[in-house]
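J.: For reference, the structure I am asking about is given below.
The values are calculated or read from the model by the stated rules, or taken from the named source; none is laboratory data. Worth saying up front: this structure is predicted, and the values here are computed from it rather than measured. Quick reminder, even Gly has a Cβ in these numbers, built from the backbone with ideal geometry, and neighbours come from all protein chains shown.
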Amino acid sequence: MKRGLSLAVALLVVVAVGGWRWRIVTAGNRAGQASVPTTEITRQSLVVTLPVNGALESAQDIPVRSEIAGSLLDICPDNSLVKPGDFAFQLDTKDLTDERERLTRAVTDAEEALNTEQSDSETRTTQAQSEAEAAREALKLAQEKAQAEREKMAAQVKFAEGEMERATREYKRSQRLAELKYIAGTKLRQAEKAYRQQEFELAQQRVQQADVEKRTQEQIDDAQAALDLALHGLEAAKADALVHLEDGRIDLAEAKRKLAEVDKKVAQSTLTCPAAGMAVIQTNSDNWPERRPYRLGDRVESGAAPVRIYDFRRMQVRCQIGEIDISRVRQGQDVYVSSPALPEKRYRGKVASVEQLAQESNVWQGGTPGKKVFGVLVTLSEADPARLRPGMTVDLEIVLARVPEAVVAPIGAVFSENGRRFAYRARARDFERVPVTIGARNDLLVEVRGALTVGDRVALELPPALSVGRAEVRK
């Protein structure tokens, strides 16, 4: 009786212990499964991006350069929004104003000198013309007087020649009559005397005619020489007038040119903005190592640009891609750009260019010494002047690939062990380890290929060993 009672008590103890252990294991499995977070396998379009950082800049910045040197008298506010024609900066024009007054007086003096020279030249030319006319009249008078005297002497010589012919005939007649004894010898001697007297008078008349010819010719030559000299003086006066007038015109033109240059510099002392955008005061490189922006009173050299206009309507981003990832980046890829200050806003852009030559990362800009990088330029398809400003640091997501209808899971749902990847699929009371092969991925999702299907729930953390079933689902 006691033995049967003992067996019954032992059996009850065994059953009770077995039930207690079964409840502990079941509770442990359920507690383990419930404590592991899970997610659902979905099918969606997977966008693969490459995240990088970059610096925002204007696609077009226009320097407002000074064509002249001077002291900075006024300048527009830094980082101010401007439109074409707005004030940029102004240089001090005091020295230019003084120079302009001096050159204005020089122009007036040159004009007066030119007018005086023109008047004097006209007077000298008129006087030379009068002298030439007088010399021409004197020559004409000398010629007329010489002609009259020559004609008079020619008439006297001709009369003497006539008398000579008559005396010669009378003398010859007397000779014949004397030979015939018709007249006395005294008559012949009288005829010969008259002949000799007339011959002497004719010779005297011819000598006088030669003297008149010579004298009148000398008078004509003197008058001609005087005329030639007067004409030469007239030509010299005209040439001298042209030279002096040309010199005066050159002096006046030079004075006006210098005045125009000063007027141009005065106009260039005030510069306006050539385009719309943000006006940024540049660093005055003459103040090294202070490296401060231009301020009033600073010296602005010719060609310097104290102000630069950044066009907000066209923005771009420069970034650097490491040599490991550069092979996946190419021109024309879509890019999403966001600012750390406004992470909820994303702007669309495209890769505009990819440098082909690697450069060493700039340590001064936070780069790693010895690291090779490639410069990439991204242009934004939209503008937001109120939020996007040059110099801002922005985050970029370069779209490398798009996989439509991909079976995806969060990256945290895929685990790796000994080079193999797997996921933990939830079952009724535990998890089973399922081998997977991954495809495309981004920062959040990964494409999974294998036994997992859409709708399966997988663990986001490594489940406790007690909750993992022994059977594996293999490919």
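J.: For the structure I just gave you, tell me whether LEU141 is surrounded by 12 or more Cβ atoms within 10 Å (Cβ to Cβ), of a type outside the set (Ser, Thr, Tyr), in the same structural domain as GLY233 (by TED's automatic domain parsing) and in contact (Cβ under 8 Å) with a residue 40 or more places away in the chain. Don't jump to the end; show me each part of the working.
T.: Working: surrounded by 12 or more Cβ atoms within 10 Å (Cβ to Cβ): yes; of a type outside the set (Ser, Thr, Tyr): yes; in the same structural domain as GLY233 (by TED's automatic domain parsing): yes; in contact (Cβ under 8 Å) with a residue 40 or more places away in the chain: yes.
Taking the combined requirement at face value, the residue satisfies it.
J.: Being within 26 Å of GLN143 (Cα to Cα) and either among the acidic types (Asp, Glu) or outside the structural domain of ALA134 (by TED's automatic domain parsing) (or both) is true for just one of GLU165, GLU218. Which residue is that?
T.: On the way: GLU165 fails: within 26 Å of GLN143 (Cα to Cα).
Among GLU165, GLU218, only GLU218 is within 26 Å of GLN143 (Cα to Cα) and either among the acidic types (Asp, Glu) or outside the structural domain of ALA134 (by TED's automatic domain parsing) (or both).
J.: So in the stretch 253-291, with the set limited to residues that are touching a strand residue (DSSP E or B) at 6+ places or on another chain (Cβ under 7 Å) and part of a loop (DSSP other than H, G, I, E, B), which one is modelled with the lowest pLDDT?
T.: Taking the candidates together, the pick is ARG291.
J.: Here is a follow-up. For the stretch 249-259, give me each residue that is small (Gly, Ala, Ser) and under 14 Å from ARG102 (Cβ atoms).
T.: ALA255, the sole residue that qualifies.
J.: Criterion first (at pLDDT 90 or above and surrounded by 14 or more Cβ atoms within 10 Å (Cβ to Cβ)) does GLN197 satisfy it?
T.: No; evaluated as a whole, the condition is false for this residue.
J.: Something else about it: Could you list all residues from the stretch 418-438 that are at pLDDT 90 or above and either under 26 Å from ALA401 (Cα atoms) or aliphatic (A, V, I, L, M) (or both)?
T.: Within the stretch 418-438, ARG420, ARG421, PHE422, ALA423, ALA426, VAL434, PRO435, VAL436, THR437, ILE438 meet the criteria.
J.: Quick test of your reading of the structure: ALA230 fulfils all but one of (1) closer than 25 Å to ASP61 by Cα; (2) among the hydrophobic types (A, V, I, L, M, F, W, C); (3) surrounded by 13 or more Cβ atoms within 10 Å (Cβ to Cβ). Name the failing condition by number.
T.: Only one criterion in (1) closer than 25 Å to ASP61 by Cα; (2) among the hydrophobic types (A, V, I, L, M, F, W, C); (3) surrounded by 13 or more Cβ atoms within 10 Å (Cβ to Cβ) is unmet by ALA230, namely (1).
J.: Just checking, does the stretch 342-353 include any residue being in a strand (DSSP E or B), aromatic (Phe, Trp, Tyr) and under 26 Å from SER285 (Cβ atoms)?
T.: no
So that you can scan it fast, the table gives a plain yes or no per residue for (1) of a type in the set (Asp, Glu); (2) out of contact with any Leu (no Cβ under 9 Å at 6 or more places or on another chain); (3) outside the structural domain of ALA138 (by TED's automatic domain parsing); (4) in contact (Cβ under 8 Å) with a residue 12 or more places away in the chain:
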position: ARG169; (1), (2), (3), (4): no, yes, no, no
position: ALA178; (1), (2), (3), (4): no, no, no, no
position: GLN208; (1), (2), (3), (4): no, yes, no, yes
position: ASP211; (1), (2), (3), (4): yes, yes, no, no
position: ALA230; (1), (2), (3), (4): no, yes, no, yes
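Residues are listed down the side, and each one gets a yes or a no for (1) in the same structural domain as GLY277 (by TED's automatic domain parsing); (2) without any contact (Cβ under 8 Å) to a residue 60 or more places away in the chain:
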{"position": "GLY303", "(1), (2)": "yes, no"}
{"position": "GLN316", "(1), (2)": "no, no"}
{"position": "ILE324", "(1), (2)": "no, yes"}
{"position": "SER327", "(1), (2)": "no, yes"}
{"position": "GLY332", "(1), (2)": "no, yes"}
{"position": "PRO340", "(1), (2)": "no, yes"}
{"position": "PRO343", "(1), (2)": "no, yes"}
{"position": "ALA358", "(1), (2)": "no, yes"}
